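What follows is calculated from the coordinates using simple rules that are stated; it is not laboratory data. Note that the coordinates shown come from a computational prediction; the quantities given were computed from them, not determined experimentally. In this analysis, Cβ positions are derived from the backbone assuming ideal geometry, glycine residues included, and neighbour counts consider all displayed protein chains.
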Amino acid sequence: MKKNILLQARDVSKRYYAVQALSEANIEIYSGEVHALIGSNGAGKSTLIKILTGAVVPDTGEVLLNGKQIPHGDTKAALDAGIACIYQESNLVPTLSVMDNILLGRQPTLRMGVLDRKAQRAIVVDLLKKHDLNLDPDAAVQSLSTVQQKEVEIAKALSLNAKVVLMDEPTAWLSQVEVEKLFRSIRKLTDEGAGVLYISHVLDEIFTIADRVTVIRDGKVLLSTAISDTTKSALVQTMLGRQLSSEVNALQQEQAEKHLGFVALECRQMSRAGLFQDVNLKVHRGEIVCITGLIGAKRTELVRTLFGAELPDSGEVLIDDKPAHIRRPLDAIRYGMGLIPEDRRRDGLLMNLSINHNLVMAYLPLVTRLGLLAPDLFKRMGQFQMDRLGIVPPHLEIPARNLSGGNQQKVLIGRWLAGKTGIIILDEPTVGVDVGAKADIYKLLRDLADYGTAILIVSSDMEEVMTVADRILVMARGGLVASFQKGRVTQEQILNAASGEMVQ
Amino acid sequence: MTTLLSKFRDKSGRIATQRFFKDYGLIVVMLMVIAGITSIERNFLSLENMIGILYQVAIIGVMAACMTFVIITGGIDLSVGPVMAISGLLAVFTLESTGMSLVSAVCVGLLAGAIIGTINGFAIGRFKLPPFVVTLGMMSIIRGTALLIGDATVHLISGPESFLFIGTGQLFGIPFPILIFATVATLIYFIQTRTPFGLTVFAIGENQEAARLAGLPVLKTKTLVYTLSGVGASIAGIILASQVHTASAVYGNGSELDSIAAVVVGGTSLAGGSGSVHRSVLGALLIGIINNGLSILNVSIELQLVAKGIIIVLALALDRYLQSEK
Amino acid sequence: MDEKVKRESAGFNRREFLKISALGVGAAALAACAPATPADVAPAEGGAQSSKQAKDSYKMTFVQVQPHTVSVAWGQGIEEVSNVQTNIEYKQVDGQGDPATQINLMDTAISEGVDIIFCQPADSVALGPSIKKARAAGIPVITLNIDAPEAHAAHVEMNHYFGAIDIAKAMGELMGGKGNVVILNAPPGIIIRDMRTNGFVDGMKKHHPDIKIIADQSAEWDRKKAQDVLSTILASGKEVNGVYGVNDSMALGAVDVAKTKDLIGKMVIFGNDGEKAALESIEADELSGTQYTDVWQQGRLAAALAIGLATGGISATSFTNQGHILMPYVIATKDNVGSIQAFQRW
Amino acid sequence: MLKKINYQSFGLVGFYLVIVIIFSALSPVFRTAGNFSNLLIGFSHIGILAVGQTFPILLGGIDLSVGAILGLVGMTTFDLMLIFGLPGYIAIPIGLVVGLLAGLINGLLIVRLKLNPFIVSLATMASFRGLVYAISGRQLFPGLTVMAIKDPTYLAIDGSLGHVPYALIYLIIIALITYFILHNTKLGMDLYAVGGNENAARLAGVNVNRVKIAAYLISGLCSAIAALILTSRMTTSPEGLGIGFELSAIAAAVIGGVNMQGGSGSTLGPVLGAFLIGTIYTGMNLLGVTQYAQPVVAGIILIGAVGYDQFMKERRRKELQAQLLLQSLRMKGQGG
């Protein structure tokens, strides 16, 4: 099939107040191709996407579909013209069923707006089958797990049988298995002649799926080439404007069998009906332990229980070898624990409050005098964390929602560094975080560990696990099934352990 | 105005004006309304009338200020009307039974509000019941209780002077209720801006789960905001009783809507997470000014309500426009 | 105990009081329900005796508009009479100020099969259908204060229209036939409000054409709101020589303002109803006057009638039209307020 | 869909039945057909208002002006018939139109001026009530205060088939139609979508503004219907008619499981909610509970009802979770 330009953005620029988000960016998406768009957070990827979907009106430039201009700022028109998009933030209606969400706004009707349920079900069911998505069409979205919700979003985009599909970090929160599934769906799309714009921070993914890649930094397109003509490190370099691999490798190489401190966090025979049974785990001071496994292995539930966000049916938690009575997060925090939840948008940050607020939120007593907030302490503490973590933009008073994913994650970590936290639990710490910020976070965690903090990480990102973990625990179907020392294990071994009997 | 503007010069020009109007748009609107009324009736601007307005706003103002936190946490308190009534009644009864002891009377009154509020808060925080229904139920429970203990008749307050002073007295030429109003408002504004409690209130309204995971005392805070609202209603009830020299179980009907209106007109969203006490005070003032203006212009009963509705909508539309100015 | 004695002596003093009071109608009314009078003063002589002959018990329901000083007093009057008869079950229900609710309460009372319904309609026409229904079910209905177009057993009314006229008259005289008047009014919706306002306005036209009504503002029956409205009007610099509060609470609100702005004596303030607080205020030289009606008495009369109807087994359907009992009233002012005895102050 | 109903208000249904049984057992009068038909007549208008109210609340909004709209429509028809001597079959449609217009005003103000529904409807509540006073025939021609509506067509609105009052029939029809709209039409889906996640709805190309206006139109129309029923029952339209109804309507809706945050709820629960309140009051009245004790008990029962409903929902949610878990485990199993 001859490749022709489907969607094209010509010299689009967009300025927000002081910030030049995009300047004369150009991008072409060919039919039957996957076009990867990469760049650090805040480089202007999201703005570009929003312009392509008509959600944002560019100051200059134009968007052409098959050479025809699409009216600016008209999502409906873009939709009808065949431009579908999977946004980063959820665009589902929690109370509606999977079926209704997939066809939202486009349900087939008989007459007078009466829904044609039969037709709707037919469409959805065979859509799900076609892309072998394992979803119950009648389940209410709010009753689904994060992954399943992402799948619904994908199904929604696929159902448009659009000419162009834009995907903004679709693999966030997806495990290996699901990612492969997604790639199959994407391939199907391109085989049918559709074009895909694929945004991701995971370079491996890009090299697997993309035919063409465009790198964007500070709102400018720096490089646009066939994937075959470039290399990973080249991309990273253009993306960050600096050499990174050394830093990461440094982490990876570091092998020294340094002796471990005491056990900081231990749980014995921890069980919750239907979720996990008899989990025993130890995290030493100065040690980074990763729990990996497939999505649905109940890792999140486990750590939330450790933190007291939910109550165990049985089992005990020991901190510094002393039994701890943790009934609620506040208790855990008093024991010096901190949790950085899986979905930072939903459970982590207070989006409309300032960075400063978010930084001190967990240790308010430290910024009070006589029970009153002391503005000076308040500011000083915030400033200290901000500098230490290199959060950008460095303005304490801007609301957290205006930060990039990476910086939001830094704020969340900073929240715990503020206090006397000795045990930090991170759930999927680098989802939706760009390569640069990722490296920063890894370094930060390693430093903390070296200072004697015990760190427990839940992660599905194999590369991450291999990079940061001293010890790797594998969880499958509610139990810890394997434990490996760093450097003594391959991804394959871990995956096999994770997928349990799948290998037998 | 420019001086105020200069406060925001840290950002680019447009943000400055936006933030300026976000905080002060309501005042601008209020000034316009005042100007409008004054242009027809000069005496509206007389000192006497200005003090009169504050005096008339005091009761609702106190309630609105105290209810602001409830609404910031995403709740609502419908029980304040009856709480007003029962606090007034109890205060008066205590006066009679304790031989005119002002202190005990006031304490009993406030205690009533505190207890009722706490019950509301606990039911809402602990058992996760919808605030609307809980406080609605409480509204009817308290109204009934008030009628049971006080019947529907009015109970005269025979003294002491000190009690009547609360509502009718003057300090340095300023009516005492205004001073109470000012004090309460300032106090709550202080709590909002300077205490961990105030911060927690916003956190809860913004995202309860996140607040919990950050180790904030959600249940305690949620309970306390309703306690505060109850106390506010009691203060209002005592002021009212003292102003009208009587107490009755049927007082305070509909004042719940008035005070919620004041808070919301102030721009605090019923969805929670945003808002401020000072804006609630402004809201109460705006409504008070409109009421006062309409009766000083001697607008007929029929048209007063029509006008009131239209002015409120216009005023807020204007406020909204100023905030989102291009 | 001495309470009872007082009540007994009521019978005597009342007659004197009636002499004072203007309307003969009231006397006629009393005569009209003579058969019931023994029960009326029953408290003294053992009521139990008189109710021996009654076989089974009688149920009576009072559907009021909403809890209020006046309806409470009615209730007390009615119970005073009905309580002494052990075989009478009396209950008072709350219409929550809403005719629709009152209709529901009427329906419930009817299906409950009560023997008498006292009804204070929020609106005369609105309750008409229910009253008709009650009549069809053979239940005598006695309306209080607001009459209904449908035929029913009796109507016991404290006068509104004529009372207001007389208020206007008396007020004008105190004002010397000239000056400006403010009406502290209630929002439309309850007929009493219309009757009183119209009466007052007509009265002023008739007796004191020179007096101007410069403001007619709503204070929603409420003392606090009355304070606010009046002080605002005064702040506008208008000269106000007289204030008419459509009920006593609002009048007393006006008094509060007059006190703070020391206009007592300079401003003539009239109320309406004649509740205890108002009478005391008159004696204290604050309130100029009010229309007084013995509401306890009104309740007693209604009850007496009711008992007569119930025990006498008179069918509701036999009434082609309701008899009107117009309660006597006085325009109580400094001069005659003394003649209103303690036991008449509700 | 049936599952949905149970989920919405099963707790409530159970609770309601218990209440009814208790009262029936204690009071012989309560269990008479006459009394039940009284209940059905007496509170159907609240039921209708509650159904109307459901739509704004579904969008996370609220309509405080329903009571005032009710008064306005009543007064309009009253004037049309008694001042202008128009026949009922003309007055009725005009009344409905007035209700729709009032709803339209609410909707437009909320959508165009982007104002908070609470404030807008609070303001229109005042304005509409003011209009009622202004156009009141009873004020303009005092004679009309004691004049009853005689028009046969109009009076027929509130008739009844034996023990089954028309009012109930209207209510049932309205409830069913609205239920159908919510669960089987595009408008319904859009309503839930806008209420649940406005941004998503907009991106999916739903015309959010039109949906919002539709919601307030429906609420206005329901108020108009309730107004016709009441005025036909009273044969007049007092100026105060409908004051305070908004609170009863909202209460009924919320008790009926409509979530004030928007996005969830249906129209059968609210109907039940309306009758629950009515039943409690009537029952206590018949049991001879003194008038002042009644609101106390009512309040307690109210909170109890919602608490119970909450409890049932919580349990149901837990069950669903368990099922979900089993499913996912099975999926994983097949996956291999």
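Within chain B, the whole DSSP H helices whose Cα atoms reach 20 Å or more along their own axis and whose mean Kyte-Doolittle score is at least -0.5 are B:13-40, B:47-72, B:80-97, B:102-127, B:131-150, B:176-194, B:218-244, B:277-296, B:301-323. Sequence-ordered 3J(HN,Hα) estimates for the stretch C:78-92 from the Karplus curve with 6.51, -1.76 and 1.60 and θ = phi - 60° stand at 4, 5, 3, 7, 6, 4, 5, 9, 4, 9, 10, 9, 10, 9, 10 Hz, glycine and proline given as x. Projecting the Cα atoms of D:Ala293, D:Val194, D:Thr124 onto the dipole axis of chain D, where Lys and Arg carry +1 and Asp and Glu carry -1 at the beta carbon, places D:Val194 farthest toward the positive end. For A:Lys118 and D:Phe180, the FRET efficiency from 1/(1 + (r/R0)^6), where r spans their Cβ atoms and R0 equals 25 Å, is about 0.90. For the stretch A:297-442, dividing the convex hull volume of the Cα atoms by the residue count gives 124 Å³ per residue. Computed over the stretch D:1-159, relative contact order equals 24 percent, with contacts defined as Cα pairs under 8 Å that lie 6+ residues apart. Does the stretch D:2-335 come out rounded, prolate or oblate by the C-alpha gyration tensor, with a ≥ b ≥ c the root eigenvalues, rounded set by a/c under 1.5 and, if not, prolate when a/b is larger than b/c and oblate if not? Oblate, because a/c is 1.5 or more while a/b does not exceed b/c. Rounded to the nearest 20 debye, the dipole size of the stretch C:82-231 about its Cα centre is 440 debye, using +1 on the Cβ of Lys and Arg and -1 on the Cβ of Asp and Glu.
Checked against a 32 Å cut-off, the cross-linked pairs A:Lys14/A:Lys420; C:Lys238/C:Lys334; A:Lys150/D:Lys186 give Cα-Cα distances beyond that limit for A:Lys14/A:Lys420. Per residue of the protein assembly as shown, the DSSP helices (runs of n ≥ 4 H) give a summed -39500 (n - 2.57) that works out to -18000 deg cm²/dmol at 222 nm.
The label-point distance for C:Ile314 and C:Tyr161, in a model that sets each label 7 Å from Cα toward Cβ, rounds to 2.5 nm. FRET efficiency for the D:Ile90 to D:Ala156 pair, using the beta carbon distance and R₀ = 22 Å, is estimated at 0.90.
Assuming R0 = 60 Å, what is the FRET efficiency of B:Met50 and D:Thr32, from their Cβ-Cβ distance, to the nearest 0.05? Efficiency for this residue pair is about 0.45.
Please say if the stretch C:161-293 is rounded, prolate or oblate, where rounded means a/c under 1.5 for a ≥ b ≥ c the square roots of the C-alpha gyration tensor eigenvalues, and otherwise the choice is prolate for a/b larger than b/c and oblate otherwise? Because its axes are fairly even, with a/c under 1.5, the stretch C:161-293 counts as rounded.
Placing pseudo-labels 7 Å out from each Cα toward the beta carbon at A:Ser354 and C:Ser339 gives an inter-label distance of 7.6 nm.
For the stretch A:159-212 and the stretch C:196-232, what is the separation of their Cα centres, given in Å? Computed from Cα coordinates, the inter-centre distance equals 78 Å.
Taking Cα centroids, how far is the stretch B:86-122 from the stretch A:449-479 in Å? The distance from the Cα centre of the stretch B:86-122 to that of the stretch A:449-479 comes to 59 Å. Residues in the stretch A:365-392 near a label at B:Phe190, defined as backbone nitrogen under 14 Å from the 7 Å Cα→Cβ point? Zone members listed by number: A:370-373.
Restricting attention to chain B, lysine pairs at least eight places apart or on different chains and with alpha-carbon atoms under 26 angstrom apart total 8. Look at where the Cα atoms of the stretch A:340-400 and of the stretch B:249-296 average out, and the two centres are 32 Å apart. Among B:Ile141, B:Ile124, B:Ile71, the largest mean-square fluctuation in a Gaussian network model of chain B (Cα springs under 10 Å) belongs to B:Ile141. With a simple spin-label model that places each label point 7 Å from the Cα along the Cα-to-Cβ direction, the separation between A:Ser483 and C:Asn198 comes to 9.3 nm. Partners of C:Lys169 within straight-line reach, counting aspartates and glutamates whose Cα lies under 17 Å from its Cα and excluding those fewer than 8 residues away in the same chain: C:Asp202, C:Asp210, C:Asp273, C:Asp335. In a fully extended conformation the segment linking A:Lys220 and A:Lys443 would gain 77.4 nm over its present Cα-Cα distance, using 0.36 nm per residue.
For chain D, relative contact order (Cα pairs under 8 Å, six or more residues apart, normalised by length) works out to 34 percent. Report the residues of the stretch B:139-166 in range of a label on B:Cys107: point 7 Å along Cα→C-beta, backbone N strictly under 17 Å from it. Hits in the stretch B:139-166 for B:Cys107 at 17 Å: B:163. Would you list the P(r) distribution for the stretch B:48-323, with all Cα-Cα distances sorted into 10 Å bins from 0 and each bin expressed as a whole %? Histogramming the stretch B:48-323 at 10 Å steps yields 7, 29, 34, 23, 6, 0 percent.
Where both bridge residues fall in the protein assembly as shown, DSSP classifies roughly 45% of the beta bridges as antiparallel. Take every pair of alpha-carbon atoms less than 8 Å apart whose residues are at least six positions apart; their mean separation over the length of chain B yields a relative contact order of 34 percent.
When the listed pairs C:Lys132/C:Lys224; A:Lys130/D:Lys318; A:Lys130/A:Lys486; A:Lys68/D:Lys114; A:Lys282/A:Lys379; A:Lys298/A:Lys438 are checked against a 29 Å cut-off, the alpha-carbon distance exceeds it for C:Lys132/C:Lys224; A:Lys130/D:Lys318; A:Lys130/A:Lys486; A:Lys68/D:Lys114; A:Lys282/A:Lys379.
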